[in-house]
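*Asks:* First, the structure itself, so that you have it in front of you.
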Amino acid sequence: MRKPIIAGNWKMNKTSLEAIAIAEELKRDLVDVGGVDIVVCPPFTALQSVSEALTDMNIAVGAQNVHWVDNGAFTGEISASMLKDFGARYVIVGHSERRQYFGETNETVNKRLRAALAHGLTPIVCVGENLAEREAGKTFDVIKNHCEGSLAGLSGDEAGRIVIAYEPVWAIGTGRTATPQQAQEAHAFIRQLLEKLFSADVAGDVRIQYGGSVTPENIASLIAQPDIDGALVGGASLKAQPFATIVKAALSSK
Ligand code: 13P
């Protein structure tokens, strides 16, 4: 049985004071909730304050990116050991916004992923097609390319420690959620691919989140699908109440 995992990606939002306020509210709302992994991913600048606010709580903290080198002359970059120093346990890698706006490629995603694993961080690896690719019937080709490229060279043991987020780009921030059937089809495809690339055990263990316009209203039908193990939530994670509702609904509908 895979434990559900709900993560909030706050993207480039929230000062550290605003972030602490949400963290405190989540703490109150979710204190008794078990049986689901809960993660919030604030911007780098609020990582430490949110980690401190959530010390010893059932809500883990993640970052939104990581550089693959540990330290050195890489102006503006942040390493895995720095993230750990700030209390991060997860890190998102290869988000489509990074692929689209910041030149992220499978190769750099792979380097970030390996650095995260080497430091004991759990990477949340994002894959997914854009609208033109879906309309051209290339959805599975793109997912395959993202998975094979991003996970290249990983051992089965390493692959077993990652989380994958299927985030169709056309569903991100658009209010146009993938239907549960569309998402399930993509998730099942990813799981079959994991079996081919690694093993049946890895395919059975790795948790695959859906991301793209997840809300308190649609989470139940998504998470009810057999291969959907959680959600990576953007907009609806920017306030405590909808995010907490998503976490609870995910738990009761799985
Ligand atoms: P939205 O939930 O705002 O569509 O964002 C999804 C996302 O990109 C999470 O990483």
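*Asks:* Around residue 8, which amide H atoms from residues at least 5 apart in sequence, or from another chain, sit under 5 Å from its own amide H, with H modelled in the peptide plane?
*Replies:* Amide H neighbours of residue 8: 39, 40, 41, 233.
*Asks:* Running Debye on the chain with equal point scatterers at the Cα sites and no solvent, what base-10 log of I(q)/I(0) appears at q = 0.09 Å⁻¹?
*Replies:* For the requested q values the scattering log ratios are -0.34.
*Asks:* Hey, can you grab everything whose amide H is under 5 Å from the amide H of residue 207? Only 5+ residues off in sequence or another chain; H modelled, so Pro and N-termini drop out.
*Replies:* 164
*Asks:* Okay, next question. May I ask for the net charge around residue 164, where only other residues with Cβ less than 11 Å from the Cβ of residue 164 are counted and Lys, Arg are +1 while Asp, Glu are -1?
*Replies:* -1
*Asks:* Let me ask something additional. Let me know the charge dipole size of region 79-193 about its Cα centre in debye, to the nearest 20, where only the beta-carbon of Lys, Arg (+1) and Asp, Glu (-1) is charged.
*Replies:* The calculation lands at about 240 debye.
*Asks:* Still on this structure, I have one more. Using the Karplus equation 6.51 cos²θ - 1.76 cosθ + 1.60 (θ = phi - 60°), what ³J(HN,Hα) coupling, rounded to whole Hz, does each residue of region 246-254 give in order, writing x for Gly and Pro?
*Replies:* Per residue, the Karplus-derived 3J(HN,Hα) values read 4, 4, 5, 5, 4, 5, 7, 9, 8 Hz.
*Asks:* In whole Hz, what ³J(HN,Hα) sequence does region 102-114 give by Karplus (6.51, -1.76, 1.60; θ = phi - 60°), x for Gly and Pro?
*Replies:* 10, x, 5, 10, 4, 5, 6, 4, 4, 5, 5, 4, 5
*Asks:* Convert each backbone phi in region 186-199 into a coupling constant with the Karplus relation 6.51 cos²θ - 1.76 cosθ + 1.60 (shift: θ = phi - 60°), then list the ³J(HN,Hα) values in order as whole Hz, x for Gly and Pro.
*Replies:* Karplus-based 3J(HN,Hα) across region 186-199 equals 5, 5, 5, 4, 4, 5, 4, 5, 4, 5, 5, 6, 10, 6 Hz.
*Asks:* Quick check: Cα centre of region 97-131 to Cα centre of region 1-54, how many Å?
*Replies:* Distance between centres, Cα-based: 21 Å.
*Asks:* To continue, here is another question. Pop the C-beta distance of residue 141 and residue 221 into the FRET formula with R0 = 25 Å and round what comes out to the nearest 0.05.
*Replies:* 0.40
*Asks:* What full-extension length gain, to one decimal in nm, is calculated for residue 55 and residue 100 as 0.36 nm per residue of separation minus the Cα-Cα distance?
*Replies:* Once the chain is fully extended between residue 55 and residue 100, it gains 12.8 nm.
*Asks:* Still on this structure, I have one more. For region 215-236 and region 161-176, what is the separation of their C-alpha centers, rounded to whole Å?
*Replies:* After rounding, the separation between the Cα centres reads 10 Å.
*Asks:* Would you mind giving the three semi-axes, in whole Å and largest first, of the ellipsoid equivalent to region 16-151 according to its Cα gyration tensor?
*Replies:* Equivalent ellipsoid of region 16-151: 28, 19, 13 Å, largest first.
*Asks:* Under 8 Å for C-alpha pairs, at least 6 residues apart: give me the relative contact order for region 48-172, rounded to a whole percent.
*Replies:* It rounds to 24 percent for region 48-172.
*Asks:* Which entries in the list 27/111; 111/254; 84/144; 138/196; 111/248 go over 29 Å, if you measure between the two C-alpha atoms of each?
*Replies:* Over 29 Å Cα-Cα: 27/111; 111/254; 84/144; 111/248.
*Asks:* Next question, about the same structure. Hey, can you grab everything whose amide H is under 5 Å from the amide H of residue 92? Only 5+ residues off in sequence or another chain; H modelled, so Pro and N-termini drop out.
*Replies:* Hits under the 5 Å cutoff: 63, 64, 65, 124.
*Asks:* For an R0 of 30 angstrom, estimate the FRET efficiency from the Cβ-Cβ distance between residue 85 and residue 199 and round to the nearest 0.05.
*Replies:* That gives a FRET efficiency of 0.30.
*Asks:* Assuming a viscosity of 1.567 mPa s and a temperature of 4 °C, what translational diffusion coefficient in µm² per second does Stokes-Einstein assign to region 45-97, Rh being the Kirkwood radius over Cα pairs?
*Replies:* Result for D is 110 µm²/s.
All of the numbers you see were taken from the coordinates with simple rules; none came from a lab. Just so we're clear, the structure is a prediction, and the values are computed from it rather than from any experiment. Counting neighbours? That spans all protein chains shown, and the Cβs are built from the backbone with ideal geometry, glycine included.
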